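Encoded as C-alpha cells, the structure appears first; notes follow it.
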Amino acid sequence: MDYLPIVGDNQALVTVAAEIKLENGQVISHEFTNVPVKENYRTNIVGNLISSSTDFNVVVDAKFDGELPQTDLEKLQFVAANGGEVILQRDVELTESLVITAGVTKAQAESSIPVVIDLNGHKISQSQVQTGAYSMIDNRGNLTIKDSKGTGKIIYGDQGNGGNYASNTILNSGVLVIEGGNLVNESSSNVVANGFPHVIDNNGDLIVRGGTFVNEEYSSVRIWAADNHTNVDIYAGKFTGAIDLQNPGNGANHIGNLNIYGGTFNASNFTNKAVVRFLNFGDDNSGMSINIFGGTFNNVLGRSTGAPTFIYSDIFHISGGIFSTDEVDGEYELSDLLVDGTKFIVKDGKYYVVEEDIDENIVVTTAAELESAMENGQSVLMICDINVPENTVIEIPSGTTSTVDMNGYTISSSNNQSKTHNDFILVKGTLNIENGLITYIHTGANMEWNCCTNLFDITAGGVLNIKDVTANNLGGTDMNFAVHMNNWGEVTLNAENCEFLSTYCGVRVFNSGYDMNNVTIKNSKLTGLTRAFWVQMYDGEGTVSASRLNISILNRNNTFEITGSAVSPIRYGSGSSTMYYIITDDENQIYTLANGEAKLVGFYGEELDVVLPNEINGASITAIGRIFDEKQITSVVLPENLKVIGNRAFRKTLALENIELPSSLLEMEE
C-alpha cells in the first residue's frame, strides 16, 4: 500500500477500503478497520486480501525521511483558493501574498466557503522589500484564524524604504474572525516614517475573540471605512499599537462602526500615545461611531496629528471599561464621552466606568478586596477581572453569607501543589455568586486517590448558590473537580445556567454516609474527562438512602459530556459503575449497571404506593439496595426479575402493609 497522507504526531486508526479487479473482470471489495497510520511511517496491510477482509496483518515500517505528498504551504494555498481547514504541522515562509478566496466580493464573503487556519503553535511569516502597497495575507472571503496550542504566530516585515502606501500583515475586505495567535507587523523604520504599516488593515467585517496584535511603531488595526458598511467587534485580545477608525473622505458618506467589549489596549511608540483613535478626513461623520462597552485602556483616546478636529462625543460613546487616565486628547475629559446612566469611579489611580446607581462602597477591584469581602460575609460587585495569587484559599466561614456579582468579569488563580488536598474557594457558610467566569489551573503533579484539587469545595454545612457562571478547573487529569461536595455536615449546591468543566470530573458528590447532599442543577452543562457528575459513597453503596441524597439534575435541561473514554458521563460509586435515572413524578431513582443487569440503589419518590419498573435501558432490574430505609410507604410492587433484596432495603418501613415478591427472588440479605 502506498503512503497515506496523514499528518501530525498522533497515530490515528482509520478504515481502509480496497477494490481488487480480477482478470475475469470481477471486482472484490473489502474494508480493513482499525488500521494504524502516522505521519512519516508506512502502513502495510498483508494477508489473504482477495478472499477475506479479516484475515490480515498490519506491519508499520520504521520512520522515514521522505517528503509528504503536500507541504503545509501547498495546503495553505489550496484551502485559500477552495475553502476548508488546514492545521499547520510546520512553520511556513511565504514568498507571495496568500489570497483567500480570490475574486469574492465583501457582499458574497459571508456566504462563501469558510477558510480556517489553525496555527497549531506554528508560524506563518514573510520578510521582504516592497515598493508598493502589499499585504502578506489578503482575505477577500470568510477566514477564521485560531491557534489550538497557544504559541502560533503570523509575522510580516516590510524592509523597504517606505512610501505613501500601506504595508499589512493582513488585509481584510471580507469576513475575518481572529480567535488566537500572535499577529505582528515588524516593518522597518523607513516604512514607518513614510508609509502605513498595520497588523490588520480592515475594510470588511472583523471579529476578534482572542490573540495578540503587535505593531510597536504604528497601528495594530486600521478600520478603513470606505465604500462599504464596515463593522469591527472586539471581545478579547491584547493590542499594542492604536486601533484606528478612519473616515477617508472623498465626499462620500461612509459608514464605520468599532465596538469594543473587552481586551487590553496599549499605545505604540508612534501613535501619540493614543490607544484608540478616530482619523477624520471626511466631510460627514454621521456614519462613524466608536462604542466602548468594556476593556482596559492603558493610555488616552485621541486622533492622528494633522487630522481635522471633530466633536468627540459625536464619535466616542463609552458605557464601560477601565482607563488609565481621564484625559482625552488634551481637550476633553472622560466624563464628556460617557453615555447617559453611567459614571466613573476612581480606585488605585484607575478610572472605572460603571452604572450611575452603583454603590461605590461595594465595588472590588483587587484580589485582596475580593478575598476579604468573601471571608467576612459581604456583598460585592466586580468591575474588572481579578487574578488571585497562586495557592490562595478563599474560605467562606460557617455562619456567614457572602454575595459576589462578577458582573461579567473573570476570577482566575492557580495551584502548584502536588499530592495534597487543594481548594480555591472553600464554602462552609453560604456563597451566592453569579455572572462571570472562574478559571483555576492546577500545575502540580496529579493527585493521589485520597487527595483532590477543587475550584469549589462545599463542606461542613456549606451552601453554594451559583448562577450564570462558567467554572473551569484545568490542568492535571486525576481528582480535579469544578465543584466538590464533601458532606461532613449537610451541604447544598443550587446551580442554574452554569458550565462546570474539569480535566477530570465536573461535579462530585462525596457522601460521608451520615449527612445530606442536596443537589439541584438546571439549564447547565457538566463536562469531565471520565465523569461529568459523580456520586461516590464513603462507606459503600449499601448505605444509600433517601435521607442522605437529594439529587435533582435530570429533566432540568442539563447536558453531561465526557472528553475521554468512559462508560457514562453520570456515575455512581467507584470503578465502572454507571448511574442511571428513571423519572417518576419528577423524582429520581438511581441504578447501577453491571453485566447487563441493573441494581436499584437509590429511590426518591414521594408516592406511598410504589411500583418499581422491570428494566432500565434494556437491562433487567435484578437487585435492590437500601432504598426504602425509614420511608413511610404503604405498598410495593417489585421488579418481576428481581433476584436479590439488599441489606436494610425495608428498614423501619413501619407503614408498609403489602409487598409483592416475585417468583424470581433468590436472596434476601440480612
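The values are calculated or read from the model by the stated rules, or taken from the named source; none is laboratory data. Since we're looking at a predicted model, the values are computed, not measured. Positions of Cβ are backbone-derived with ideal geometry, glycine not excepted, and every protein chain shown enters the neighbour counts. Quick note on the areas: whole protein, heavy atoms, side chains included, nothing else; ligands and nucleic acids left out. Shrake-Rupley method; radii C 1.70, N 1.55, O 1.52, S 1.80 Å.
Can residue 666 be described as in contact with a Lys or Arg (Cβ under 9 Å, 6 or more places away or on another chain), modelled with pLDDT of 90 or more, farther than 16 Å from residue 607 by Cβ and open to solvent by 30 Å² or more (accessible area, probe 1.4 Å)?
So residue 666 passes the test.
Could you pull out the residue among 430, 400, 392 that is closer than 30 Å to residue 345 by Cβ and touching a Gly at 6+ places or on another chain (Cβ under 7 Å)?
Within the list 430, 400, 392, the selection yields 400.
Can you tell me which residues in the range 345-361 are among the charged types (D, E, K, R) and open to solvent by 50 Å² or more (accessible area, probe 1.4 Å)? Quick ask: steps written out before the conclusion?
Our first condition is that a residue be among the charged types (D, E, K, R); within the range 345-361, this holds for 347-348, 350, 355-357, 359-360.
Within the range 345-361, 348, 350, 355, 356, 357, 359, 360 meet the criteria.
Could you list, in sequence order, the residues of the range 323-332 that are within 14 Å of residue 297 (Cβ to Cβ) and either surrounded by fewer than 14 Cβ atoms within 10 Å (Cβ to Cβ) or in contact with a Leu (Cβ under 9 Å, 6 or more places away or on another chain) (or both)?
323, 325, 326, 327, 328, 329
So, in the range 485-510, how many residues would count as being of a type in the set (Gly, Ala, Ser) and surrounded by fewer than 20 Cβ atoms within 10 Å (Cβ to Cβ)?
1
Any idea which of (1) free of Cβ contacts under 8 Å to residues at least 24 places away in the same chain; (2) farther than 20 Å from residue 173 by Cα is the one residue 88 doesn't satisfy?
Result: residue 88 passes all but (1).
Quick one: in the range 379-388, of everything that is open to solvent by 50 Å² or more (accessible area, probe 1.4 Å) and either modelled with pLDDT under 95 or in contact with a helix residue (DSSP H, G or I) (Cβ under 6 Å, 6 or more places away or on another chain) (or both), which residue is nearest to residue 482 (Cα to Cα)?
In this case the residue turns out to be 385.
Return only the number of the condition from (1) open to solvent by less than 40 Å² (accessible area, probe 1.4 Å); (2) modelled with pLDDT of 80 or more; (3) not in a loop (DSSP other than H, G, I, E, B) that residue 589 does not satisfy.
(2)
Listed residues 518, 595; which is modelled with pLDDT of 70 or more and of a type outside the set (Ser, Thr, Tyr)?
None of the others qualify; the one that does is 518.
Name the residue that is most open to solvent (accessible area, probe 1.4 Å), counting only residues in the range 640-653 that are modelled with pLDDT of 90 or more and among the aliphatic types (A, V, I, L, M).
Applying the filter and picking the extreme gives 644.
Test residue 364 against the stated conditions and say whether it is at pLDDT 95 or above and either within 30 Å of residue 319 (Cβ to Cβ) or open to solvent by less than 50 Å² (accessible area, probe 1.4 Å) (or both).
no
In the range 304-314, is there at least one residue being in contact with a helix residue (DSSP H, G or I) (Cβ under 9 Å, 6 or more places away or on another chain) and over 24 Å from residue 367 (Cα atoms)?
Scanning the range 304-314 turns up at least one residue that is in contact with a helix residue (DSSP H, G or I) (Cβ under 9 Å, 6 or more places away or on another chain) and over 24 Å from residue 367 (Cα atoms).
Scan the range 162-169 and tell me whether some residue there is open to solvent by 10 Å² or more (accessible area, probe 1.4 Å) and aromatic (Phe, Trp, Tyr).
Looking for residues that are open to solvent by 10 Å² or more (accessible area, probe 1.4 Å) and aromatic (Phe, Trp, Tyr), one finds at least one in the range 162-169, hence yes.
Condition check ((1) closer than 13 Å to residue 278 by Cβ; (2) modelled with pLDDT of 95 or more; (3) under 25 Å from the mean Cα position of the chain (by Cα)) across all residues:
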| site | (1), (2), (3) |
| --- | --- |
| 222 | yes, no, no |
| 228 | no, no, no |
| 236 | no, no, yes |
| 246 | yes, no, no |
| 255 | no, no, no |
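Taking residue 396 as meeting all but one of (1) open to solvent by less than 10 Å² (accessible area, probe 1.4 Å); (2) under 25 Å from residue 322 (Cβ atoms); (3) over 22 Å from the mean Cα position of the chain (by Cα), write down the number of the exception.
(2)
Output yes when any residue across the range 614-621 is within 45 Å of the chain's Cα centre (by Cα), assigned to a loop (DSSP other than H, G, I, E, B) and buried (at least 19 other Cβ atoms within 10 Å of the Cβ), and no when none is.
To start, the set of residues in the range 614-621 that are within 45 Å of the chain's Cα centre (by Cα) comprises 614-621.
So of that shortlist, the ones also assigned to a loop (DSSP other than H, G, I, E, B) come out as 614, 617-618.
Narrowing the set further to residues that are buried (at least 19 other Cβ atoms within 10 Å of the Cβ) leaves none.
Among the residues of the range 614-621, not one is within 45 Å of the chain's Cα centre (by Cα), assigned to a loop (DSSP other than H, G, I, E, B) and buried (at least 19 other Cβ atoms within 10 Å of the Cβ), which makes the answer no.
Here is a list: 211, 241, 263. Which entry is touching a residue at least 40 places away in the same chain (Cβ under 8 Å) and over 19 Å from residue 302 (Cα atoms)?
So the residue among 211, 241, 263 that is touching a residue at least 40 places away in the same chain (Cβ under 8 Å) and over 19 Å from residue 302 (Cα atoms) is 211.
Yes/no per residue for (1) under 21 Å from residue 119 (Cα atoms); (2) outside any strand (DSSP E or B):
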{"residue": "210", "(1), (2)": "yes, yes"}
{"residue": "213", "(1), (2)": "yes, no"}
{"residue": "216", "(1), (2)": "no, yes"}
{"residue": "222", "(1), (2)": "no, no"}
{"residue": "232", "(1), (2)": "no, no"}
{"residue": "239", "(1), (2)": "yes, no"}
{"residue": "244", "(1), (2)": "no, no"}
{"residue": "250", "(1), (2)": "no, yes"}
{"residue": "257", "(1), (2)": "no, no"}
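Confirm whether residue 74 is at negative phi, touching a helix residue (DSSP H, G or I) at 6+ places or on another chain (Cβ under 7 Å) and either at pLDDT 70 or above or open to solvent by less than 30 Å² (accessible area, probe 1.4 Å) (or both).
On the way: at negative phi: yes; touching a helix residue (DSSP H, G or I) at 6+ places or on another chain (Cβ under 7 Å): no; either at pLDDT 70 or above or open to solvent by less than 30 Å² (accessible area, probe 1.4 Å) (or both): yes.
So residue 74 does not fit the description; no.
Checking the structure you have, find out if any residue of the range 51-71 is closer than 30 Å to residue 129 by Cα and modelled with pLDDT of 70 or more.
Yes; the residues of the range 51-71 include at least one that is closer than 30 Å to residue 129 by Cα and modelled with pLDDT of 70 or more.
Yes or no, residue by residue, for (1) open to solvent by 10 Å² or more (accessible area, probe 1.4 Å); (2) at pLDDT 95 or above; (3) in contact with a Ser or Thr (Cβ under 8 Å, 6 or more places away or on another chain); (4) not in a loop (DSSP other than H, G, I, E, B):
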{"site": "441", "(1), (2), (3), (4)": "yes, no, yes, yes"}
{"site": "448", "(1), (2), (3), (4)": "yes, no, no, no"}
{"site": "468", "(1), (2), (3), (4)": "yes, yes, no, yes"}
{"site": "483", "(1), (2), (3), (4)": "no, yes, no, yes"}
{"site": "546", "(1), (2), (3), (4)": "yes, no, no, no"}
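Touching a residue at least 40 places away in the same chain (Cβ under 8 Å) and within 20 Å of residue 407 (Cα to Cα) - does that describe any residue in the range 326-346?
No: the range 326-346 contains no residue that is touching a residue at least 40 places away in the same chain (Cβ under 8 Å) and within 20 Å of residue 407 (Cα to Cα).
How many of the residues in the range 629-670 are under 12 Å from residue 609 (Cα atoms) and under 48 Å from the mean Cα position of the chain (by Cα)?
6
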